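Trainee: Below: one structure in C-alpha cells.
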Amino acid sequence: MENTFEKIHHYMGIELNQQTWKLLEKKDRNDTDDHRMLAFAKASLYHWQNSQEFQLLNEQRGEWMISHVFSVLGKGEEALARTHGASGHSEKMNEYFLKAKDIGKQIEGNKDKEIFLADLHFDPWFECTKPMDDS
C-alpha cells in the first residue's frame, strides 16, 4: 500500500509542476488562476518530497518554482522572506516578512487580504520565528 502512495506522490509531483507551468504561461490569468498556480507549486514540492524517486534536485527545483511564482505574482517580499528563512537568516527573514505583511494589509478586498495573509503564514518557514499578529 505504501508503494502505491509513493507512486501517487511521484505522479502528482510531476502533474502539479506541469500545471504550474501551464498557468505561468497563460496570457490571461485571473485571480483564481493565480491562487491555483501558487497552490500547485507548493503541492508539487510536497508530493515530490514524498515520492519514492525523490532527490535533492527535486527539492531545489520545487523551492525555485515556488519563489518564481511568488515573483511572477508580485510577491517579492514574501519570496525574499522565505529565502532568508530557508537560509537560516531569521533577522532578514523577519524584515521581509514584515514588509510582505504590510503590503498585504493594503489589499482592498477583505477576502483577497485574508487569502494573502493566510498564504503568508503558511509554512515552510524553516524553524525561523515570525510574528502572527495581523491586526
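The values are calculated or read from the model by the stated rules, or taken from the named source; none is laboratory data. Remember, it's a predicted structure, so these values are computed and weren't measured experimentally. Here Cβ is always computed from backbone atoms with ideal geometry, including for glycine, and neighbour counts include all displayed protein chains.
Trainee: Just to check your reading of the model, which residue among THR83, THR20 is among the polar types (S, T, N, Q), buried (at least 16 other Cβ atoms within 10 Å of the Cβ) and at pLDDT 95 or above? Step through it out loud before you land on a result.
Mentor: Working: THR83 fails: at pLDDT 95 or above.
Only one candidate qualifies: THR20.
Trainee: Take the residues in the stretch 74-101 that are of a type in the set (Gly, Ala, Ser) and closer than 24 Å to HIS35 by Cβ; name whichever of them is nearest to the chain's Cα centre (by Cα). I'd like the intermediate steps shown before the answer.
Mentor: Within the stretch 74-101, the subset of a type in the set (Gly, Ala, Ser) is 74, 76, 79, 81, 85-88, 90, 100.
Filter again for closer than 24 Å to HIS35 by Cβ, leaving 74, 76, 79, 81, 85-86, 100.
On the way: GLY74: 13, GLY76: 12, ALA79: 8, ALA81: 12, GLY85: 13, ALA86: 13, ALA100: 14 Å.
Result: ALA79.
Trainee: Same structure, new question: Please identify the pairs in which a residue from the stretch 74-89 that is under 15 Å from LEU117 (Cβ atoms) has its Cβ atom under 7 Å from the Cβ atom of a residue that is basic (Lys, Arg) and assigned to a helix (DSSP H, G or I), counting only partners at least 6 apart or on another chain.
Mentor: GLU77/LYS99
Trainee: I need a count of the residues in the stretch 66-96 that are among the aromatic types (Phe, Trp, Tyr) and under 25 Å from ASN30 (Cα atoms).
Mentor: 1
Trainee: Got at least one residue in the stretch 89-103 being more than 25 Å from GLU15 (Cα to Cα), among the aliphatic types (A, V, I, L, M) and surrounded by fewer than 20 Cβ atoms within 10 Å (Cβ to Cβ)?
Mentor: Yes, some residue in the stretch 89-103 is more than 25 Å from GLU15 (Cα to Cα), among the aliphatic types (A, V, I, L, M) and surrounded by fewer than 20 Cβ atoms within 10 Å (Cβ to Cβ).
Trainee: In this structure, does SER44 turn out to be closer than 24 Å to ALA86 by Cβ, among the hydroxyl-bearing types (Ser, Thr, Tyr) and under 15 Å from the mean Cα position of the chain (by Cα)?
Mentor: When the stated conditions are applied, SER44 passes them.
Trainee: State the number of residues belonging to the stretch 47-73 that are of a type outside the set (S, T, N, Q), without any contact (Cβ under 8 Å) to a residue 12 or more places away in the chain and closer than 18 Å to HIS35 by Cα.
Mentor: The number of residues fulfilling the criteria is 1.
Trainee: OK, next. Taking LEU38, is it of a type outside the set (Phe, Trp, Tyr), surrounded by 14 or more Cβ atoms within 10 Å (Cβ to Cβ), under 16 Å from ILE66 (Cα atoms) and in contact (Cβ under 8 Å) with a residue 60 or more places away in the chain?
Mentor: yes
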